[in-house]
Amino acid sequence: MNKSDISNPERGKTLVLVLTLLNTVLIAAVSALQVDATIRANQANRDSQYDAVQFTGSLIQAGARSDYDLNTYSILLTNTQEALVAEYTAMQRQNANDQQGFEALTLESQIYQARADRAGSLSFLMTDPAYAPASDQESPNITAYLSDLNSYSLELVQKQNDASDAYHRWNNKSDSYVAVLTMLAIAFFLLGVAQMVQPSVRLLFSSFAICVISIGILWTLILLIF
């Protein structure tokens, strides 16, 4: 044992006290950051789940709507085709001097055409100016219709992905802050040992504590920046 240690057993305790105070403040700050990261991660997780539920609902809604619109348009095409076939057959019956057949087929053609007109009035593809054909010889813009129909679902997918990425980012930060707190707890242990040992060894444990605290500060700054 050095004579200086015996004559001044309190040597280095001031440094240990300052380091303990610094470590306490740092632990409080990191704890606050860890709590904030956990809250943000939980909020992002809830947003991600909410967007996922909304996306599922939008898919169901879009599927039901497209099924109705496309089926209505299909009925329109089918009845229009049947009306044309009946009208053409009626003309053949008329040329064959089959007046009764001509009248029956003309009536059948009118019925099909009435069904087609009714389906056209109920079809979103035929009534909305954004998709309706400009003339009878053109078809509705089904590509634009499907694109607009799925645009909201695609937007929800992007939001859900962003929220999921935010959740993983903040959750990883929260876990990293816990690791920093563990390191600072080790620094507390080293400082406690330094407080009790001889002055000649106190500086060694204080140096180890300074290294651990420095790593914790550096790690915290990296988490804050990135």
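Values quoted throughout were computed directly from the atomic coordinates according to the rules given, and no laboratory measurement underlies them. All values derive from a computational prediction rather than experimental measurement. No Cβ is skipped: glycine too gets one built from the backbone with ideal geometry, and neighbour counts run over all protein chains shown.
Please pick out the residue among Gln94, Gln110, Gln99, Gln61 that is in contact with a helix residue (DSSP H, G or I) (Cβ under 6 Å, 6 or more places away or on another chain) and farther than 19 Å from Tyr131 by Cα. Steps first, please.
Details: Gln110 fails: in contact with a helix residue (DSSP H, G or I) (Cβ under 6 Å, 6 or more places away or on another chain); Gln99 fails: in contact with a helix residue (DSSP H, G or I) (Cβ under 6 Å, 6 or more places away or on another chain); Gln61 fails: in contact with a helix residue (DSSP H, G or I) (Cβ under 6 Å, 6 or more places away or on another chain).
Just one listed residue meets the conditions, Gln94.
Consider region 124-149. How many of its residues are out of contact with any Lys or Arg (no Cβ under 9 Å at 6 or more places or on another chain) and either surrounded by 14 or more Cβ atoms within 10 Å (Cβ to Cβ) or not small (Gly, Ala, Ser) (or both)? Full working, then the answer.
Initially, region 124-149 is screened for residues out of contact with any Lys or Arg (no Cβ under 9 Å at 6 or more places or on another chain), giving 125-148.
Adding the requirement that they be either surrounded by 14 or more Cβ atoms within 10 Å (Cβ to Cβ) or not small (Gly, Ala, Ser) (or both) leaves 125-129, 131-133, 136-138, 140-143, 145-146, 148.
Number of matching residues: 18.
Answer yes if at least one residue in region 66-80 is touching a residue at least 60 places away in the same chain (Cβ under 8 Å), under 26 Å from Tyr177 (Cβ atoms) and among the hydroxyl-bearing types (Ser, Thr, Tyr), and no otherwise.
There is no residue in region 66-80 that is touching a residue at least 60 places away in the same chain (Cβ under 8 Å), under 26 Å from Tyr177 (Cβ atoms) and among the hydroxyl-bearing types (Ser, Thr, Tyr).
Give me the residue from region 72-123 that is more than 49 Å from the chain's Cα centre (by Cα) and of a type in the set (Phe, Trp, Tyr) and, out of that set, surrounded by the fewest Cβ atoms within 10 Å (Cβ to Cβ).
Just the residues of region 72-123 that are more than 49 Å from the chain's Cα centre (by Cα), to begin with: 83-111.
This time we only want the ones that are of a type in the set (Phe, Trp, Tyr), so: 88, 102.
Values: Tyr88: 11, Phe102: 18.
It comes out as Tyr88.
How many of the residues making up region 57-104 are over 19 Å from Ile142 (Cβ atoms) and either touching a Leu at 6+ places or on another chain (Cβ under 8 Å) or not aromatic (Phe, Trp, Tyr) (or both)?
First, pick out the residues of region 57-104 that are over 19 Å from Ile142 (Cβ atoms): 57-58, 60, 82-104.
Now narrow it down to the ones that are either touching a Leu at 6+ places or on another chain (Cβ under 8 Å) or not aromatic (Phe, Trp, Tyr) (or both): 57-58, 60, 82-87, 89-101, 103-104.
Number of matching residues: 24.
Which residues, taken from region 127-176, are part of a helix (DSSP H, G or I) and of a type in the set (A, V, I, L, M, F, W, C)?
Of region 127-176, the ones part of a helix (DSSP H, G or I) are 127, 142-176.
Correct list: Ile142, Ala144, Leu146, Leu149, Leu154, Leu156, Val157, Ala163, Ala166, Trp170.
Would you point out which residue out of Phe189, Phe205 is touching a Leu at 6+ places or on another chain (Cβ under 7 Å), part of a helix (DSSP H, G or I) and of a type in the set (Phe, Trp, Tyr)?
Numbers: Phe189 fails: touching a Leu at 6+ places or on another chain (Cβ under 7 Å).
The unique qualifying residue is Phe205.
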